[in-house]
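Let me begin by presenting the structure, written as structure tokens, before commenting on it.
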Amino acid sequence: MLRMLVAFPFYLCILLINQSKLKLNFKRSHLFWTIFMGVMGYYLSSLFDFIGLQYISAAMERIILFIYPTLAVMINRIIFKVAITTRQKCSILITYLGIGIAYWGELHLMQNTSMFIYGSVMVLLCAITYAFYLVGTGKLVPIMGASTYTSIAMIAASMGIFIHYIIQNRWFGQGTPFLYHIPGNILWYVIALALVATVIPSFLLNRGMQRVGSNNLAIITSIGPVSTLFQANWILEEALTWQQLFGTVLVIIGVLLIKKVGVTRTSPDHPDYPSPKG
């Protein structure tokens, strides 16, 4: 909640600056789907992710989360009836084999395996909701523009988070402790998360998708699980096993393979890519 409270004014200011673009030719349904994608892709996805991180390592979280490209292909298959090619099936198999190896390696390090599995399921739900977000974003960003889309989606996500916090902590009547009760060093972490890890990358990601397409975007972001794996070992002093390393390599191979198929109807870059209903 604090993270989005700090980030919210930036999204609001950018939306006000770009308010003239709201009069362009996109429909009310596009606005609805943008709000929906924001709530699903950032509010629900972050909620599941943070719950999961209480029970699994940051490295394992990133490995599980990075299966979203394969999930996006399967979402297109289920919702839009887009056929899955043989190469895509192979890439999905390699990706999940890598997840299985990394998961098996870390499972043996856990004392409470039931909570580890629960945390893994939460992160998997995060990956699923994020995959839905990417499928919709790839279609909506070209219509609404990266800045306008990102601002509206993140404002919607912020409102969902604020409402969640108020309901959960029962602000009305109990006087829940707020900013003045937070240590200064923790507050600096919150500000850094809001600006460096939320506002800036959210605009860069959607701007990049608009310029290079979702296929190239997925290839570039393949560095994600690798960097997180080593940062978790270096900064958080988490254990680094050969199963994690080998599993990560397989996941990256699988993702790269699924994204080297080319611009097909499974990609938002294709002109015949099916749009969200409505």
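Condition check: modelled with pLDDT of 75 or more, within 14 Å of the chain's Cα centre (by Cα) and aliphatic (A, V, I, L, M). Does Ala102 satisfy that?
When the stated conditions are applied, Ala102 does not pass them.
I want to confirm something. Restricting to the range 37-61 and keeping residues that are within 15 Å of Ser202 (Cα to Cα) and of a type in the set (S, T, N, Q), which single residue is surrounded by the most Cβ atoms within 10 Å (Cβ to Cβ)?
Residue satisfying both the conditions and the ranking: Ser45.
Of the numbered conditions (1) more than 23 Å from Gly138 (Cα to Cα); (2) exposed (fewer than 15 other Cβ atoms within 10 Å of the Cβ), Arg28 satisfies every one except a single condition; which is it?
(1) is the only condition that Arg28 fails.
For the range 1-96, which fully contained helices (runs of 4 or more DSSP H) count at least 1 residues that are of a type outside the set (Lys, Arg) and free of Cβ contacts under 8 Å to residues at least 12 places away in the same chain? Reasoning before the result, please.
Numbers: elements: 2-17, 28-38, 45-53, 58-65, 68-80.
Because the criterion is at least 1 residues that are of a type outside the set (Lys, Arg) and free of Cβ contacts under 8 Å to residues at least 12 places away in the same chain, the helices (runs of 4 or more DSSP H) in the range 1-96 that meet it are 2-17, 45-53, 68-80.
With the requirement that a residue be in contact with a helix residue (DSSP H, G or I) (Cβ under 8 Å, 6 or more places away or on another chain), at pLDDT below 75 and over 16 Å from Ile63 (Cα atoms), what does the range 105-133 give you?
Met110, the sole residue that qualifies.
Report yes if some residue within the range 42-54 is charged (D, E, K, R) and under 24 Å from Leu195 (Cα atoms); otherwise report no.
yes
The values are calculated or read from the model by the stated rules, or taken from the named source; none is laboratory data. Remember, predicted model here, so these are calculated numbers, not experimental data. Heads up, the Cβs are rebuilt from the backbone with ideal geometry, glycines too, and the neighbour counts pull from every protein chain shown.
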